[in-house]
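Here is the structure we will look at.
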């Protein structure tokens with residue numbers, strides 16, 4: 001009986017981790033009310049996107065829906081001052097992300113200190 005319960009718990013943990021990762025991997029999201037995009041590679045642990053500049057890096061996910069993003073690399077294009085400020089704020093916020101939640105077609109990234117970034121799924125990545 002105990003072995004069956006332990007097996008069921010292990011299966012539930014494995015399934016929840018896989019469903020979370022499958023909700024990220026290969027999907028593209030757009031930050032609500034902006035044109036900023038975030039995509040997760042179908043292979044490996046890479047992310048990338050576009051604000052004013054293209055940006056990219058790697059991420060790490062933990063079984064409890066924790067997520068951290070590496071230092072972000074970007075291209076060096078210039079744009080309107082307000083868009084450049086929004087991009088810089090977004091990239092600073094990305095460095096503060098501690099966890100994620102998937103609800104339907106939304107990805108919610110929680111920041112250290114309690115703020116959130118909410119994204120809407122726009123489709124699958126085309127690598």
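The strands (runs of 3 or more DSSP E) found entirely in the range 87-127 that carry 2 or more residues being free of Cβ contacts under 8 Å to residues at least 40 places away in the same chain are 97-103, 106-111. For the range 68-86, which positions are more than 17 Å from residue 25 (Cα to Cα) and in a strand (DSSP E or B)? Those that are more than 17 Å from residue 25 (Cα to Cα) and in a strand (DSSP E or B): 73, 74.
Matching residues to (1) surrounded by 15 or more Cβ atoms within 10 Å (Cβ to Cβ); (2) out of contact with any strand residue (DSSP E or B) (no Cβ under 7 Å at 6 or more places or on another chain):
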| residue | (1), (2) |
| --- | --- |
| 70 | yes, no |
| 75 | no, no |
| 81 | no, yes |
| 85 | no, yes |
| 92 | no, yes |
| 100 | yes, no |
| 106 | no, no |
| 110 | yes, no |
| 120 | no, no |
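Read the figures in this text as sums done on the coordinates, not as results from a lab. This is a predicted model, so every value here is computed, not measured. Cβ atoms come from the backbone with ideal geometry, glycine included; neighbour counts cover every protein chain shown.
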